[in-house]
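Scroll down for the structure; my scribbles are underneath it.
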Amino acid sequence: MIAIEFQHVSKQFKNAKTNAINRIDLSIQEGEFITIVGSSGSGKTTLLKMINRLYEADEGKVLLFGEDINKMNLVELRRRIGYVIQQVGLFPHMSVFENVAVLPKLLKWDKGKIEQTVDRLLDLVGLDQNEFKDRFPAQLSGGQQQRVGVARALAGDPKIMLLDEPFGAIDAITRSMLQDEILRIHGGLNKTFIFITHDINEALKLGTRVVIMNEGKIVQVDTPMNIVQHPADEFVTSLLQSAMKQQAFWKFLQ
């Protein structure tokens, strides 16, 4: 089943000379882990934010399981979509438990169901419930805060998870661990993940398919292996070469 579909979608911001998104067509199957990579200004975050209508399309349609999102109630749409950003955005005056429980409380779940859900999600993201659920965000590391952010985004049991460079501000060791965790979490859930990154290595590691963007357009969509073996143009080739140069540098030091 197609979870998300972009049909001839364009977006131009006020006073901009060119489109941020230019006539994009893209179909994402339910259960895929899609990574979107490109240079700054390529349109990847704009494309992501059009799924939960933080940005509205000027032309074309975005469909969620076949339904035009512009005809859906905005609150209901966003409750069906988990959203994780680089800045995490945890409520500093709330405990970890309270942060994860925000949406279930809004949905008026009973207390027992909320407690079971929070405990299960903390376990899922690798945080011991007894150790962490009474802590506050200031008492957590950056990596722990991101794990809580993922748990909170999953609390309403959304079918779609949007992740906008969630590991961009985290140190390399923690980032690698969180990449492994997000793959494990996705593997245990029947959910569609769309993950924005500027790091081609991260995109290739995580994605079942990788979307490569440049200047508001999609230049290639394929599996990591096919992209590595058959880059579509010079831009994709340059991204791959940058990744290979990093690897060559580490081999040189060994």
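Some points to look at:
- Output for the stretch 50-66, where each listed residue is surrounded by 16 or more Cβ atoms within 10 Å (Cβ to Cβ), in contact (Cβ under 8 Å) with a residue 60 or more places away in the chain and not hydrophobic (A, V, I, L, M, F, W, C): N52
- Number of the condition not met by L140 [criteria: (1) within 19 Å of the chain's Cα centre (by Cα); (2) crowded, with 18+ Cβ neighbours inside 10 Å]: (1)
- Single condition I194 does not satisfy, out of (1) under 18 Å from the mean Cα position of the chain (by Cα); (2) among the aliphatic types (A, V, I, L, M); (3) not in a strand (DSSP E or B): (3)
- The conditions of being touching a helix residue (DSSP H, G or I) at 6+ places or on another chain (Cβ under 7 Å) and of a type in the set (G, A, S) are not met by A203.
- Test result for T45, surrounded by 16 or more Cβ atoms within 10 Å (Cβ to Cβ), in contact (Cβ under 8 Å) with a residue 40 or more places away in the chain and either over 30 Å from K205 (Cβ atoms) or not basic (K, R) (or both): yes
- Residue count for the stretch 166-188, restricted to those that are in contact (Cβ under 8 Å) with a residue 12 or more places away in the chain and either touching a Lys or Arg at 6+ places or on another chain (Cβ under 9 Å) or among the aliphatic types (A, V, I, L, M) (or both): 11.
- Qualifying residue in the stretch 213-236 (condition: within 16 Å of the chain's Cα centre (by Cα) and among the basic types (K, R)): no
- The single residue among S40, S27 that is more than 24 Å from A3 (Cβ to Cβ), of a type in the set (S, T, Y) and surrounded by fewer than 19 Cβ atoms within 10 Å (Cβ to Cβ) turns out to be S40.
- Residues that are among the aliphatic types (A, V, I, L, M), surrounded by 16 or more Cβ atoms within 10 Å (Cβ to Cβ) and farther than 14 Å from Q144 by Cα within the stretch 105-130 comprise I114, V118, listed in sequence order.
- Residue among V102, V96 that is at pLDDT 95 or above, over 17 Å from the mean Cα position of the chain (by Cα) and over 28 Å from I2 (Cβ atoms): V96
- The residues of the stretch 197-223 include none that are at pLDDT 95 or above, assigned to a helix (DSSP H, G or I) and surrounded by fewer than 18 Cβ atoms within 10 Å (Cβ to Cβ).
The values are calculated or read from the model by the stated rules, or taken from the named source; none is laboratory data. Please read all numbers here as calculations on a predicted model, not as lab measurements. Virtual Cβ from ideal backbone geometry, glycine too; neighbours counted across all protein chains shown.
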